[in-house]
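> The following block contains the structure, expressed as structure tokens.
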Amino acid sequence: MKIPIARIDPDPRSEAEPQESVRELPRGSRTARDPVVLINNGRYLLLAGARKLRTAQEAGEKEVECTVKESVTDQERWELLLTEQYHSSLVPPMDLGRAFIEYRDKHDVTQHELARRTGITPGTIHHYESLIRTLAPGLGGKVNSGELTFKEARSIADIDDHERQMEIAKPFIDGTLSSVHVERIVGRAKNAPELSIGQIIEEVVNGKRPAKRPEPEEVEVKAPQQSRERNTESLENMVLHLAGELDALSMQVIPEYRRLKLISSLRILDSRLRTALASLNSGAALQSAVPRPMTRNGVAVR
């Protein structure tokens with residue numbers, strides 16, 4: 001219902017007016033919510049919606065649409081305060097994340113239940129709380145001051161290593177990199193932990209690929225010279241050498257295009273090995289099955 005603005009009093013228990021942030025405020029562009037007021041001795045106490053009330057006053061309006069409540073519990077008042085803080089940027093992001101956690105711990109509710117009670121989406125609540133749990137402690141103040149945007153902080157928090165978080169955040173804090181790069185840099189850092197953050201930034205921003213590691217030398221298995229008797233000793237040496245190279249594969253970083261080609265070659269080798277083993281095993285079985293001629297004093301007996 002519409003309430004005369006002159007009859008609405010500020011709640012002395014509410015937070016002070018918000019201050020402007022240095023950089024992006026993640027909630028600054030959200031639609032202002034209707035004020036929520038509590039009937040108070042013929043007047044109305046403002047519980048939430050200060051932003052829309054202030055906008056109406058500045059526009060010279062005499063009345064404003066409000067949600068009127070006859071009474072509220074302490075828990076409901078806390079929920080209204082959280083809603084007000086989120087929609088009007090009354091508190092910095094890290095403080096809001098702590099407020100969500102404190103409320104949920106106090107009243108033992110899930111993120112989805114808090115979302116239902118406040119109208120804030122569960123995903124949003126999760127993002128704010130996750131910053132408290134996963135962002136490097138040294139970056140929290142940068143988020144609150146606006147030196148690091150909420151978007152940047154959310155992406156950087158996906159990196160488990162706090163030291164690498166700090167390295168990624170530095171160019172965004174000092175303004176040398178734009179937020180448009182943060183997701184690609186973080187994604188590359190997660191997929192290529194062996195690269196330094198400097199190399200990753202060069203690659204993402206300037207398209208400069210880091211120098212490739214030298215690939216292991218390919219061992220060319222040459223067929224032994226064909227003769228009436230195969231040089232099995234040479235073949236054994238090559239097999240043992242190849243076995244050593246294969247054992248070392250697990251300790252090497254192999255580029256994707258080389259990895260796929262190597263897999264194909266190893267499958268061919270596996271097929272040839274199976275054929276060779278089958279041939280050798282069957283040959284041994286045949287030799288053992290052939291009856292040996294009887295001899296007497298070294299002379300064959302017919």
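The values are calculated or read from the model by the stated rules, or taken from the named source; none is laboratory data. Everything quoted here is computed from the prediction, not taken from an experiment. Cβ sites come from the backbone with ideal geometry, for glycine too, and all protein chains shown count toward neighbours.
> For segment 60-81, give me each residue that is within 21 Å of Ala115 (Cα to Cα) and part of a loop (DSSP other than H, G, I, E, B).
Matches in segment 60-81: Val72, Thr73.
> Would you confirm whether any residue within segment 122-135 is assigned to a helix (DSSP H, G or I), over 23 Å from Met1 (Cα atoms) and in contact with an Asp or Glu (Cβ under 7 Å, 6 or more places away or on another chain)?
There is no residue in segment 122-135 that is assigned to a helix (DSSP H, G or I), over 23 Å from Met1 (Cα atoms) and in contact with an Asp or Glu (Cβ under 7 Å, 6 or more places away or on another chain).
> Might you let me know whether segment 150-157 holds any residue that is charged (D, E, K, R) and not in a helix (DSSP H, G or I)?
Within segment 150-157 (the criterion being charged (D, E, K, R) and not in a helix (DSSP H, G or I)), the answer is no, since none of the residues qualifies.
> Mind checking which pairs have a first residue in segment 136-150 that is among the β-branched types (Val, Ile, Thr) and a second that is part of a helix (DSSP H, G or I) and surrounded by fewer than 18 Cβ atoms within 10 Å (Cβ to Cβ), Cβ under 9 Å, 6 or more apart or different chains?
Thr149/Ser179
> Also: Counting just the residues of segment 168-185 that are touching a helix residue (DSSP H, G or I) at 6+ places or on another chain (Cβ under 9 Å) and among the small types (Gly, Ala, Ser), which one comes out farthest from Leu135 (Cα to Cα)?
Our first condition is that a residue be touching a helix residue (DSSP H, G or I) at 6+ places or on another chain (Cβ under 9 Å); within segment 168-185, this holds for 168-173, 176-179, 181-185.
When the remaining residues are screened for being among the small types (Gly, Ala, Ser), the result is 169, 178-179.
Values: Ala169: 11, Ser178: 19, Ser179: 17 Å.
Top of the filtered list is Ser178.
> Same structure, new question: Quick check on Ala99: is it modelled with pLDDT of 85 or more, buried (at least 18 other Cβ atoms within 10 Å of the Cβ), among the small types (Gly, Ala, Ser) and under 24 Å from Thr134 (Cβ atoms)?
For Ala99, the condition - modelled with pLDDT of 85 or more, buried (at least 18 other Cβ atoms within 10 Å of the Cβ), among the small types (Gly, Ala, Ser) and under 24 Å from Thr134 (Cβ atoms) - is met.
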